[in-house]
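Right, one structure below, let's go through it.
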Amino acid sequence: MILNEKQILERLVDNDPERRIVITPLINPAEQFGPTSVDLRLGTDFQVIRRSNLTHIDMIQPAEQINEDMKRTLQHVKVQPGEPFVLHPGEFALASTLEFVKIPLDLAARLEGRSTWGRLGLQIHATAGFVDPGFSGALTFELSNVSTVPLQLYPGVRISQLCFFVSSRTHLPYAQKRLTKYSGKTSTASSAFFKDPEYQRIRQAKKQTEPVSPV
Amino acid sequence: MHKTLLKFLVAELFEKMARLQLLLDEVPLEKKATAAPLFSELQTQLTEIQTHVLAQKPFLTSLFSDKPTVSGTTVNGDSAHVNAVFQEAIYQPYQRLCQLSEWLNSVAKESTRPELQLFLNDVFPQAFQQKVIQNSVGSDVIGPGVILCRAEGISPLLPAVDLPGITLETLSLIQKNNPLGWLGVLENSLGQLCRHLPSVKTLQEKMKGKLAEEDFFLPVVKHLLALRLLGPAHYYFSIQEALFKEDMVFFEWVEPILFFSLNHLNFVDKNLVILHESIEKSREHLAPYTYGKTGKASKGNEHLFHKDQVTEILYLTEKEIPEKFAFTEKQFQKALQLQERLGLEILLSSSHLYGLDDVRDLLDKKQQETPDISVYDMMSMLGESPNTSREMINAGWIHKVERGPVWLYSTISPLTNEVGENNTDTGMSWLLNMIERRDHLFLKSIETAEVHQMLVSTV
């Protein structure tokens, strides 16, 4: 079941902190609420990939090396309030919500774009719009401009909406999962794919199948 | 030194070590590659300092032992022995840390963060700068301009800047990402303010011959102006600075005046009182010259200034920094309320216009009175107002003073576990992670509040 605006409102003021949804700052609630969603705003920090010295992302290098490569190739862009971040056609950038969000254990959420921005060609996530029960932090946007004109994006603009679904109470909240990578982050977080255990396994498997060099 | 104060000092030392490590980690690989032996040596020496401090196991564990001691201190023995322990465990590592930060500062060439400007806009807004110009003798006093990163514990000679309204300030490199450590960037601007305000000169003339130590008049005025602008955060920040500088004058004379003024301004909470009492009990160590002669601690504010004189200076600061530019009692209350958010690591950028309990009650009442009330009308009660950088930074200091001992315990707890003797890295990793998370929280909160302010101020 998807929560309607009144149910969301009740959850925002719930007496029980465990059941309470946290969205802060709520700058103008009446403006932000829709029938079954709450609009979220664009934050101030962005990450773009510098391609000039990058041939490809080698997924099975040692994790530390990938981490260093990611640091080197990601450009962090901080936009001051009132200044735009320009997303060019075909460009991809990571960003995050201005708001801090906390989802209780008996709800899941889904982040979607707003049609206002969709009509201009802005996509706010590539594939990962689902938010697990127990998540807390800023939500990440995977921004793409699929139109033919550059888009000026200002911090504080409502570019997305969050809707909530009732779930059976989860046994292991997102933040407590052993391999959680993004919970509690308050700013834009880049991919930490290299921490996924399957890469370690692939690396090991590859090592075992590599031909032994003749002595 | 009394245990509470000592925990505060040791926690700060650990934080400084962790901050230097985080800065070193932050240096891009390309930059590190240009001076690889140097960065490698920096890392080696920093690890050595950490290992040395963590090796002071009896001292560190005694901070949390329940054994009653006569004076509530951790180290017993004559003062020479006590000083030797403190030098070994705190001051020598700190000096080495300062040297390393000087080294890093010279190669990393870091600049300050943009969020620092947002903090300065809050403390020295344009309107306040205009007021200061009107009131000052010359027209060259405005506020902080360019801010340079400097090494920890070092006050460099700054070049003269021949631009009206620009005051050069410095920030310890170690505090670059820490809004709680930004309070020192007002040092020169406040000094300028003291020297150029006619009312300060008039009061100085009036008090001439009546003060025990006339040289301390301007420094005391500067501290009280800072207190009026920054709230109790200035007190905490000044204490940590004075502890590392071993500034006896501060503890002997200035701290009691600051505590008296905090009471006058209603900026006192229970942890501040506990810290002050700990300073009182440590005065023998902090100001040994004046204490040692009589065997009794002198009461600073009575010794240097009479309470009436302090009140008169406070009145001056109230006149020069009117309520709309000052850190107010209402803001202090807000900072106290932000503790809950800090504890839950929730963004501090805003506060609800109404308490959640009030909103709940109001919602119930409204629904009973007007069953067909629009849900959108009810939502407006959930709105939030942006907090200022000063409110957030004060909340941060209040929270840190309360939680600091727990964080210190978590950092050194692997030491108390015999099995985990070789596992001291766990404690430091925990601290690094915690500091990094909190820094992000404060920085994001400051930025978010600015966007929030922009969106509501134009409605």
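No value in this document is a laboratory result; all are computed from the given coordinates. This structure is a prediction, so every number in the text was calculated from the model and none was measured. Quick reminder, even Gly has a Cβ in these numbers, built from the backbone with ideal geometry, and neighbours come from all protein chains shown.
Worth a mention:
- Exposure rule at most 16 other beta-carbon atoms within 10 Å, DSSP loop GluC sites (Glu not before Pro): chain A longest free segment: A:92-215
- Fewest-first sequence of B:His2, A:His56 by Cβ atoms within 10 Å of each Cβ: A:His56, B:His2
- Adding -39500 (n - 2.57) for every DSSP H run of four residues or longer, then dividing by how many residues the protein assembly as shown holds, sets the calculated 222 nm ellipticity at -15500 deg cm²/dmol.
- Potential lengthening between B:Asn433 and B:Ser155 on full extension [0.36 nm per residue; Cα-Cα distance subtracted]: 97.1 nm
- Long pairs among B:Lys319/B:Lys400; B:Lys201/B:Lys245; B:Lys16/B:Lys245; A:Lys185/B:Lys330, criterion Cα-Cα beyond 20 Å: B:Lys319/B:Lys400; B:Lys201/B:Lys245; A:Lys185/B:Lys330
- Counting beta carbons within 10 Å around each of B:Ser40, B:Ser445 and listing the fewest first gives the order B:Ser40, B:Ser445.
- Spin-label model distance (nm) - B:Ala36 vs A:Phe92, 7 Å beyond Cα toward Cβ: 3.2 nm
- Computed across the protein assembly as shown, the Kirkwood radius stands at 27.7 Å (inverse of mean 1/r, all Cα pairs).
- Relative contact order of the range B:3-108: 40 percent, from C-alpha pairs under 8 Å at least 6 residues apart in sequence.
- Working note: Cα gyration tensor of the range A:5-205, eigenvalues times five, square-rooted, sorted largest first, giving semi-axes of 29, 24, 13 Å.
- In order along the range A:37-53, the phi-based Karplus estimate (6.51 cos²θ - 1.76 cosθ + 1.60, θ = phi - 60°) of 3J(HN,Hα) comes to 7, 10, 6, 10, 9, 7, x, 10, 10, 10, 9, 10, 8, 7, 8, 4, 10 Hz; Gly and Pro are listed as x.
- The convex hull drawn around the Cα atoms of chain B, when projected onto a plane and averaged over every direction, covers 27.2 nm².
- Estimated FRET transfer efficiency when R0 is 25 angstrom, pair B:Gln95-B:Asp25 (beta carbons, to 0.05): 0.65
- Computed on chain B, with alpha-carbon pairs under 8 angstrom and 6+ residues apart, the relative contact order is 20 percent.
- The HN-Hα couplings worked out from phi for the range A:133-149 by the Karplus form 6.51 cos²θ - 1.76 cosθ + 1.60 (θ = phi - 60°) are x, x, 5, 9, x, 8, 8, 8, 9, 10, 7, 9, 9, 9, 8, 10, 10 Hz, whole numbers, x standing for Gly and Pro.
- Modelled spin-label separation between B:Ser385 and A:Arg203, with each label point placed 7 Å from Cα along the Cα-to-Cβ direction: 5.3 nm.
- Computed label-point distance, nm, for sites A:Lys78 and B:Leu344 using a 7 Å Cα→Cβ extension: 2.8 nm
- Bridging of A:Lys207 to lysines at a Cα separation below 27 Å is possible for A:Lys71, A:Lys181, A:Lys195, once same-chain residues fewer than 8 apart are set aside.
- Extension gain from B:Lys324 to B:Asn263, taking 0.36 nm per residue of separation minus the Cα-Cα distance: 19.9 nm
- Mean partner shielding of peptide A:93-106, defined as the number of other chain Cβ atoms within 10 Å of each residue Cβ, is 2.
- Counting other Cβ atoms within 10 Å as a rough exposure proxy, the listed residues A:Met1, B:Met378, B:Met17 run A:Met1, B:Met378, B:Met17 from fewest neighbours to most.
- Average partner coverage of A:29-38, which counts Cβ from other chains inside 10 Å: 3
- Kirkwood-type radius of the range A:78-121, with distances r between different C-alpha atoms, in Å: 13.8 Å
- Dimensionless Rg over Rh [the range B:3-108; C-alpha; Kirkwood]: 1.08
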